[in-house]
1. Using 0.36 nm per residue of separation minus the Cα-Cα distance, give me the extension gain between Glu220 and Ser393 in nm, one decimal.
2. Does segment 314-392 classify as rounded, prolate or oblate by the C-alpha gyration tensor (a ≥ b ≥ c root eigenvalues; a/c under 1.5 gives rounded; else a/b over b/c gives prolate, otherwise oblate)?
3. Net charge near Asn384, counting Lys/Arg +1 and Asp/Glu -1 over other residues with Cβ under 13 Å of its Cβ?
4. Applying 1/(1 + (r/R0)^6) with R0 = 22 Å to the Cβ-Cβ distance of Phe161 and Leu374, what FRET efficiency is obtained, to the nearest 0.05?
5. For a label point 7 Å from the Cα of Thr234 along Cα→C-beta, name the residues of segment 20-44 whose backbone N is under 11 Å from it.
6. Just need the relative contact order of the chain here, percent rounded to a whole number, with Cα pairs under 8 Å and 6+ apart.
7. Please arrange Asp217, Asp77 by counting, for each residue, the other beta carbons lying within 10 Å of its beta carbon, fewest first.
8. Only counting other Cβ atoms within 10 Å, I'd like Tyr383, Tyr113 sorted with the fewest neighbours first.
Amino acid sequence: MAVAPGTTSKEGWSSRSAFILAAIGAAVGLGNIWRFPTLAGENGGGAFVLFYIGCVFLLGLPLVLSEIFIGRAGQTDAVGSIRKVARESRSSEKWSIFGGIGALAAFLIVSFYSVVAGWVLYYVGVMGADLLQAIVAGDPFRGALMGESQEAIQGRMGDLFANPMLLLGMHLVFMGATLFIVARGVSGGIEKAATILMPAFFVLLIGITIYGAVVGDIGEAAAFLFTPDWSLLTPQAMNEALGQALFSLSLGVAGLITYGSYIRENSGLGSTALTIAVADTSVALLSGLMIFPIVLAVGLDPAAGPTLVFQSLPFAFQTMPGGALIGFLFFVLILVAAVTSSISLLEVPTAWGIGELGWKRTTSSLIFGGGAFLIGIACLLGYNVWADVRPLSFWSIFAETDILDTIDGFTGKVMLPVGALLTALFIGWKADKNLLKVTTGLSSGSFAIFRFLIAWLCPLAVAIILVTGLFPGVLG
Ligand code: PHE
């Protein structure tokens, strides 16, 4: 059934808690378990972590509330929702452009997100096969990958990257699963996936954190993560913390506008936004407390960078009791988090196709999921046959980056901040205050704080991320 452009979407969450669970599922992803510990490690821990928490609550939270508000008030895809709020606020409908930028960003992000999730899937396979062998050998609680040297374990990632067919297979399976869920719709697909996967995710996260605390060095990990050495908080680190806060909360890609448009009742958007921000940040911190005790106990480098999770941890699991089992569960955990995020990414352009172009859900999800799959192929070929390709080589900040990192960098450094900046300006200066107050349901005091943050602090801080991201020279 084709829907006329701008028509209110007929789909919706079955309850408020279903929305919260799906939104937490969208926020909690590779950003929390892979990127946050990586960045915290690279930037020296404590000071970065505390600054990050400040960013989440002073900048991220008001933006989360703004996006949910637009969706709730608009009741259709991101572009249509912004247009509707703009009309009701007697401002220009041109503001809806940031819904379009968001949908395009989400489409680009899901293309490489699926490739990275494919690496996770590969490790689920490797660790799963190893666990199976351990069980067959009657020793299910042994360490992981027992026969392999540290070099061999760490070399697995290079072998994977050199193998385009393997990368392609994993990408295909992951994107296929994402597409399948999104094609089934809001309550039958996205909500169902979140209600099954998110509880499983939390059980695994808490279980593995307790395991890490028992067998690893939780004291040293907590000291690393929470003892600030402010001299390590460089402008570059602050910039990364701000950018990571946007990415982790899924801001700037209109994801929460889209999910917010499926909310039917009018109740406490403020507390909903707070729940999402608290949950997302808790998971990031718990991931740090899960990963660093294990990494530090084995004497590995917490600043290993993006390979921390894929190269350092599998080796750490070799030396740990029960490592084969925990290692397998660890990669399952990341995979689960990645699925609930990738469906939210694909949902943004899909909803746009339905709302603005009048496509059916299956058609729209197939077109955007298929398109993202193709772009993802270019990303994974960038690790082998197209290793020399530098798509934006003319642009100094991307001169050295391969295909995947270029799309990641362009969306993260340009599109997300632009989306977030326009959201903040629109809500802070253009949206009708009465509509905003009534729809968000904030008390007068909270509303005043919210208005200050969204009108002044957010635009300023996000503009700084944008400028320093594009012109790293200004940081000296
Ligand atoms: N927040 C997700 C993560 O942390 C990534 C994401 C970004 C998902 C934007 C949806 C929209 O992994």
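1. Length gained between Glu220 and Ser393: 58.1 nm.
2. Working: a/c = 4.30, a/b = 1.60, b/c = 2.68.
It comes out oblate by the Cα gyration axes.
3. Values: positive: none; negative: Asp159, Asp388, Asp402.
Taking every other residue near Asn384 into account, the sum is -3.
4. Details: r = 20 Å, r/R0 = 0.89.
Efficiency computed from Cβ-Cβ geometry: 0.65.
5. Once the point is set 7 Å along Cα→Cβ of Thr234, 43-44 turn out to lie under 11 Å by backbone N, inside segment 20-44.
6. Details: 826 pairs, mean separation 165.2, N = 476.
That works out to 35 percent.
7. Details: Asp217 19, Asp77 35.
Sorted ascending by nearby Cβ count, the order is Asp217, Asp77.
8. Details: Tyr383 19, Tyr113 27.
Ranking Tyr383, Tyr113 by Cβ neighbours within 10 Å, fewest first, gives Tyr383, Tyr113.
No value in this document is a laboratory result; all are computed from the given coordinates. Since the model is a prediction, treat every value here as computed from it, not as a measurement. Counting neighbours? That spans all protein chains shown, and the Cβs are built from the backbone with ideal geometry, glycine included.
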